[in-house]
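Working notes, beginning with the structure itself.
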Amino acid sequence: MTQNPAGRVRAEIDLGALRANVRTLRARSSGARLMAVVKADAYGHGAVPCARAALEAGAAWIGTATPHEALALRGAGIEAPMLCWLWTPGGPWREAIEADIDVSVSGMWALREVADAARAAGRTARIQLKADTGLGRNGCQPADWPELVHEALAAPEVRVTGLWSHLACADEPGHPSITAQLSVFQEMTAYAEKAGVAPEVRHIANSPATLTLPESHYDLVRTGIAMYGVSPSPELGTSRQLGLRPVMTLSASVALSKQVPAGHGISYGHHYVTRDETTLALVPLGYADGIPRHASGRGPVLVGGKVRTAAGRIAMDQFVVDLEGDTVEPGARAVLFGPGDDGEPTAEDWARAADTIAYEIVTRIGSRVPRVYVNERAEAAGPQT
């Protein structure tokens, strides 16, 4: 276990839970391999330890958004197959090629840049062609797909190792775009394969599709938020209902406990005023740490054995809870979210309080919050299937 730094706050990261989630997701993937997505510092959990834990649990690929994320993982000794997909002109193509990172290509400009970099490096670049099947973000439109496919096949500096896309509404069961996108993806991959592409992997399934759409699994599924034990959407069920365990527990030491009279305003703007004489506890976390200000007056916290609500505005570094006459000592633990085992709120509870998604709650926890890793050593496991 990583030494727990003494201080005001901690985000405990349970790598045993992450490994269990990866095994659960692999069991749901219809035999497809699993890509562990560790972009955005593993959704706030720590990219390097989470990547290692996922690989220990049988993940076959690692996925990142930016090339710098991918290169940092290679620098840390992560040698697994890796895909990086968010490129801009002038990006570190050569460094990625030399680090044996698959790079995503969505248009002709990117194909030209990666081919030039491969020529300069004297190596063949591994590229994956991304199709825009209806999400409307990155990816090549169907009308431009034939040109991209044929130019990629004609470029001796590159080898097409994958064909892939991303779903827009997999977290909304029954949404008509799901069937439409899967149909387009089938057509675009069939075109590329008929033209001569022999991909190592075809993939379109994200976390919700991994859990609910076996027809989308192809050769590889990309699991991000579900790997961290957070439900991709309320419509799919809670983490517990999906067989997942939240990996992050965020807590703080109460900085101050004091009595105040009735009619006392709390925090900026006095949006909360005490009704009676009461006891307040000061929680030393704020929006500079990633606690959403939008959850002011609503954010739930377990303090003194009860779930309380943030009283008044959440400030940059701190917020207040009304203990309603109960008392706690300074140093008492205030748990903002975790697995829910002891009645503490979950990241989904904070998402509802802030009118956002749970992805944002865990990902936005900032660098002022130390990550403390538990269950770092993988338990003995049988043969992986």
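I need every pair where a residue in segment 312-327 that is within 9 Å of THR278 (Cα to Cα) and free of Cβ contacts under 8 Å to residues at least 40 places away in the same chain has its Cβ under 6 Å from the Cβ of a residue that is of a type in the set (Ser, Thr, Tyr) and open to solvent by less than 50 Å² (accessible area, probe 1.4 Å), sequence separation at least 6 or different chains. Qualifying pairs under 6 Å: none. Kindly indicate whether GLU172 is open to solvent by 20 Å² or more (accessible area, probe 1.4 Å), touching a residue at least 24 places away in the same chain (Cβ under 8 Å), out of contact with any strand residue (DSSP E or B) (no Cβ under 6 Å at 6 or more places or on another chain) and closer than 23 Å to TYR218 by Cβ. Considered against the rule, which asks whether it is open to solvent by 20 Å² or more (accessible area, probe 1.4 Å), touching a residue at least 24 places away in the same chain (Cβ under 8 Å), out of contact with any strand residue (DSSP E or B) (no Cβ under 6 Å at 6 or more places or on another chain) and closer than 23 Å to TYR218 by Cβ, GLU172 comes out as yes. Only one of the listed residues (VAL303, VAL307) is crowded, with 21+ Cβ neighbours inside 10 Å and of a type in the set (Val, Ile, Thr). That residue is VAL303. Considering only residues in segment 10-24 that are open to solvent by less than 10 Å² (accessible area, probe 1.4 Å) and out of contact with any helix residue (DSSP H, G or I) (no Cβ under 6 Å at 6 or more places or on another chain), the one that is farthest from ARG222 (Cα to Cα) turns out to be ALA11.
Entry remark, segment 90-113: residues being under 22 Å from ALA143 (Cβ atoms) and not charged (D, E, K, R) number 8 in total.
In segment 335-362, the residues that are free of Cβ contacts under 8 Å to residues at least 40 places away in the same chain form Cβ pairs under 7 Å with partners that are open to solvent by less than 40 Å² (accessible area, probe 1.4 Å), at six or more places apart or across chains, as follows: ALA351/ALA358; ALA351/ILE361.
This table checks each residue for (1) open to solvent by 10 Å² or more (accessible area, probe 1.4 Å); (2) under 30 Å from PRO176 (Cβ atoms).
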{"residue": "GLY63", "(1), (2)": "no, yes"}
{"residue": "LEU73", "(1), (2)": "no, no"}
{"residue": "PRO81", "(1), (2)": "yes, no"}
{"residue": "TRP85", "(1), (2)": "yes, yes"}
{"residue": "ASP102", "(1), (2)": "no, no"}
{"residue": "GLY107", "(1), (2)": "yes, yes"}
{"residue": "ASP116", "(1), (2)": "yes, no"}
{"residue": "ARG126", "(1), (2)": "yes, no"}
{"residue": "ASN138", "(1), (2)": "yes, yes"}
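Only one entry in GLU329, GLU348, GLU376 is of a type outside the set (Val, Ile, Thr) and in a helix (DSSP H, G or I), namely GLU348. Among the residues of segment 275-290, which ones are of a type in the set (Gly, Ala, Ser) and on the phi < 0 side of the Ramachandran plot? Answer for segment 275-290, where residues must be of a type in the set (Gly, Ala, Ser) and on the phi < 0 side of the Ramachandran plot: ALA281, GLY286, ALA288. Summed over segment 285-299, the residues that are open to solvent by 20 Å² or more (accessible area, probe 1.4 Å) and not small (Gly, Ala, Ser) give a count of 4. A count restricted to segment 245-256 and to residues that are buried (at least 16 other Cβ atoms within 10 Å of the Cβ) and either at positive phi or touching a Leu at 6+ places or on another chain (Cβ under 7 Å) (or both) stands at 6.
Does ALA310 satisfy the condition of being under 22 Å from the mean Cα position of the chain (by Cα) and either at pLDDT 95 or above or not in a strand (DSSP E or B) (or both)? No: the conditions fail for ALA310. A single entry from ILE365, ILE291 fulfils the requirement of being in contact with a helix residue (DSSP H, G or I) (Cβ under 6 Å, 6 or more places away or on another chain), among the aliphatic types (A, V, I, L, M) and part of a loop (DSSP other than H, G, I, E, B): ILE365.
The values are calculated or read from the model by the stated rules, or taken from the named source; none is laboratory data. Only a predicted model underlies this, so the values are computations on that prediction, with no experimental measurement involved. No Cβ is skipped: glycine too gets one built from the backbone with ideal geometry, and neighbour counts run over all protein chains shown. Areas reflect the complete protein model, heavy atoms only, side chains present, ligands, DNA and RNA absent. Shrake-Rupley method; radii C 1.70, N 1.55, O 1.52, S 1.80 Å.
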